[in-house]
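Got a structure here, written out as C-alpha cells. Questions coming.
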Amino acid sequence: MEPAEGPGALGFHGDEEIIEVLELGPPGPDDLADEMEDVDFEDEEPDGPAWETEDDNDDEEEGGGTDGMEAQDDSEVTFGLHSASVFCVSLDPKTNTLAVTGGEDDKAFVWRLSDGELLFECTGHKDSVTCAGFSHDSVFVATGDMSGLIKVWRVDAKEEVWSFEVGDLEWMEWHPQAHVLLAGTADGNSWMWKIPGGDCKTFQGPACPATCGRILPDGKRAVVGYEDGTMRIWDLKQGTSLHVLKGQDGHQDPLTCVASNQDGSLILTGSVDCHAKLVNSATGKVVCVFRMESAAPKAPAGEGEEAESNSVESLGFCNVMPLAAVGYLDGTLAIYDLSTQTLRHKCQHESGIVQLLWEESSAVVYTCSLDGAVRLWDARSGKLISEYRGHSAEILDFAINKDASVVVTTSGDHQAKVFCVQRPDR
C-alpha cells in the first residue's frame, strides 16, 4: 500500500481489513488471575537499556517522507524490520516490556520496547498479518492473517504451540482472564478456542462478515457487530445469542467498532452510518443514539470527485468519569457525557481519526490519525494536551502501556515507533 499523500488521501480506507484492525487493543481488565505462572522475559530489567535516540537516522528519514509530513521525530525507539505497512500492535499486559506487530509483509514480530530488539519472529503467515495480541498473562501471543491463518506462540519458549485456519479473518481477541481466543470471520461466524488444547466452539451470525467483536469484562459474554448493521450479544458458555439488535435498534450500515465500559453494563457500537449507539448489555436495549452532524457543510462534489464519506472509526469509555469518546473519519473527536447523553466537546483533527484509546485512570483520550500524529486530549476541557510526530505516513494502529508513559504506533511507513509521553501535570 502506498502511504497516503497528505491529509486528503483517504482512498486506502476502502480496504476493509484496516478498519477491522483498529479495534484490537490490549486485553481487558486488570484483575487478572493471580495464580497464573510468571513468564521469564529473558532478564528483561525494568530500567533496562537507555532509550535509544533517533538522531542517527534523521538524515535517511528526511528523504523518504511523504509530502506534507515533516521530518520531526519525537520517538525514542524505531522498530524497522517490517518491509511494508504495519497494521497492528499490542503490548504484553503483564510486564508492558514487549510489543507484537503484524504487517502487510505477511510478517509478525515480538520485540522489546526498551531498545527495539527482536525477541522472535512469528513465522509462517501467508497473507497480511492484521491481528496480533498477547494473552492476559503474557504467556502466549497470537497472530492472525487476512486469509484466516491464526497461530499461537509461547512467549518464553519462542515456539509455536497451536495454529488453525478459518475463513477470511476480520478481528481477533484474547479472553480477559483465560487462555481462550475469540475471532470473527467474513462468513459471519465467530470462533472460540481453548489454547493450546484447541477445543473449538462457533457462534453463527448472519450470512455476512462479523466485522468487530469484544469479550465483555465478565468473561462470559461477547458482543459482535456485523456488516448488515446488526449486533449480537453471545453467551460464550451456552453458545447462544442473548440479544439481537437489528432494524431500528441496529445500524443502517456495517458496524466498524464496539466497546464496553469497565463493568460491562454498557456497550457502545459504531458504524459507517455515523451513529454510535449506547446499549444496556443486560437488557439489549438501546439507551441512546449519538449522531454526528458533519463538522463543516459539505461542498458539492465536483465532476469526477467523490463526496467525502464519514464513519465512526473508533470509540471507548472513560474509566473515571461518565464520558465516552467517538472518533470519526472526518477528523472529529466527539466527547459525550453519558449522564446527560449530550455532546460535551468536539475536538477537530485535520485528517481522519484511525483509533482512539482512553488512559486507564484519567480523563485523557489519545487519538492517532491519517496525518501520522498521536494526540492527547483532556476530555474535561476538550483541549489538546500534546501531540507526537515521527511517522512519514498514516498511523494504522497504536497501543498505550498501563501507566500511560509509553505509546507504541504502527504506520504505513513500514515502521513501528515508541514514544515516551511527558505530562507536566503528573
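The values are calculated or read from the model by the stated rules, or taken from the named source; none is laboratory data. Predicted, not measured: the structure shown is a model, and the values here were computed from it. Cβ sites come from the backbone with ideal geometry, for glycine too, and all protein chains shown count toward neighbours. To get the accessible areas, we keep the full protein, side chains included, count just its heavy atoms, and leave off ligands, DNA and RNA. Shrake-Rupley method; radii C 1.70, N 1.55, O 1.52, S 1.80 Å.
Quick one: net charge of Ser281's neighbours, Cβ under 13 Å, K/R +1, D/E -1?
Details: positive: Arg214, Lys220, Arg221, Arg232, Lys277, Lys285; negative: Asp218, Asp235, Asp263.
Value of the local net charge: +3.
Now, a different point. What relative contact order, as a whole-number percentage, does segment 335-425 give when Cα pairs under 8 Å and 6 or more residues apart are counted?
19 percent
Can you give me the three principal axis dimensions of segment 338-424 from its C-alpha atoms, in Å, biggest first?
Sorted largest first, the three principal extents are 43, 27, 19 Å.
Once you keep just the Cα pairs under 8 angstrom separated by 6 or more residues, what percentage relative contact order results for segment 212-291?
23 percent
Compare Asp330, Asp218 by solvent-accessible area with a 1.4 Å probe and give them largest first, with all protein chains kept in place. Don't jump to the answer; show the numbers that get you there.
Working: Asp330 35, Asp218 60 Å².
Sorted by accessible area, descending: Asp218, Asp330.
Turning to a different aspect of this structure: Where Lys and Arg each count +1 and Asp and Glu each count -1, what net charge lies around Cys208 among other residues with Cβ under 9 Å from its Cβ?
Net of charged neighbours comes to -3.
Right, something else. Less than 18 Å apart at the alpha-carbon level, and either on another chain or at least 8 residues along: which lysines does that give for Lys246?
Lys246 reaches Lys277, Lys285.
Per 0.36 nm of contour for each residue apart, how much would the distance between Leu343 and Ser386 grow if the chain were fully extended, relative to their Cα-Cα spacing?
13.2 nm
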